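The values are calculated or read from the model by the stated rules, or taken from the named source; none is laboratory data. Keep in mind that what you see is a predicted model, and the values were worked out from it rather than measured. Note: ideal-geometry Cβ built from the backbone for every residue, glycine included; neighbour counts use all protein chains shown. All accessible areas refer to the heavy atoms of the entire protein, side chains included, with ligands and DNA or RNA removed. Shrake-Rupley method; radii C 1.70, N 1.55, O 1.52, S 1.80 Å.
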Amino acid sequence: MRIGQLLGTGRSADVYAIDEAWVLRRYRDSSDATPELAVMSYLSACGYPVPRLGPSPAIATPSDLVLQRLTGPTMLESLLSGALTEDEGGAMLAGLLTDLHTIPARVSQVPEDRILHLDLHPDNVMLTPDGPVVIDWWTTAEGPPALDRAMSSLILAQVAVDPASPTAAGARSLLTALLLHLTRPGRRPRPPHLAQAKRCRATDPNLSPGELALIDEAADLISELTG
């Protein structure tokens, strides 16, 4: 299996073309992708929209994942272009979180635990011709769904309170829409889970000092919007 051109790069991984059907995702720090592979395989079997898993390359490392080559923009690109409104984006994110949290935990024996993404935001949703597909499952864990909702809200809120971000106003509108669509009692972020999300974000090695400095203000914005 020949690895082709670099298609994209994120905070922790690079994506290379293999052919028209498959890409290779490789972690730059040689992190083990095996747990991510297991979760994605489980979610795919449960019918959740994740990229299909492909054959392992002839020369593979534990940091490699062969994934379906998706076509279409990210949700972020569609929001920025105006092809998707903030209300539509908020409804879509809420729906993806809700659908994910209907899937029982794969390992945990705690009945209330579910599969969590913990980094579900517009740049991790691909809008394909077959519908939205959630990518980048490196942060996945199992636990209370409320933590996942708090994490997605906190990520959006950090952009919303960033005075240097040209997308701050759009992020605030998207956050407001997400919170609005999490209307069922108990689904909006509450103090205990928001505090846990803050701790998780504060220990994320991929965040810049500027991003870390915005966590408290971002949490305050969520509290303000949720009353």
Inset, instruction - May I ask for the angle, rounded to the nearest 10°, between helix 215-226 and the longest principal axis of the chain, with both axes built from Cα atoms and the value confined to 0 to 90°? - result: 60
Inset, instruction - Among Arg11, Arg106, Arg149, determine the one that fluctuates most according to a GNM of the chain built with springs between C-alpha atoms less than 10 Å apart. - result: Arg11
Legend entry - Gaussian network model of the chain, springs between alpha carbon atoms under 10 Å - residue of Thr167, Thr203, Thr140 with greatest fluctuation: Thr203
Legend entry - Whole-number accessible area per residue in Å² for the chain, which is evaluated in the context of all protein chains at 1.4 Å: 49
Legend entry - Quotient of Cα Rg and 2.2 N^0.38 Å for the chain, N being how many residues it contains: 1.00
Inset, instruction - Could you check how much of the accessible area of region 1-156 is carbon and sulfur, as a whole percent, using a 1.4 Å probe? - result: 54
Legend entry - Length-normalised contact order for the chain - Cα pairs under 8 Å, 6+ apart - percent: 16
Inset, instruction - Based on alpha-carbon positions alone, could you give the equivalent ellipsoid semi-axes of region 1-73 from the gyration tensor, as √(5λ), descending, whole Å? - result: 18, 15, 12
Inset, instruction - Pop a pseudo-label 7 angstrom from the Cα along the beta-carbon direction at both Arg11 and Arg199 and give the gap in nm to one decimal. - result: 1.9
Legend entry - Folded to 0 to 90 degrees: helix 191-202 orientation relative to the chain principal axis, Cα: 50
Inset, instruction - Just check region 109-158 against the gyration tensor rule for me: Cα atoms, a ≥ b ≥ c as the square roots of the eigenvalues, rounded for a/c under 1.5, and otherwise prolate or oblate depending on whether a/b exceeds b/c. - result: oblate
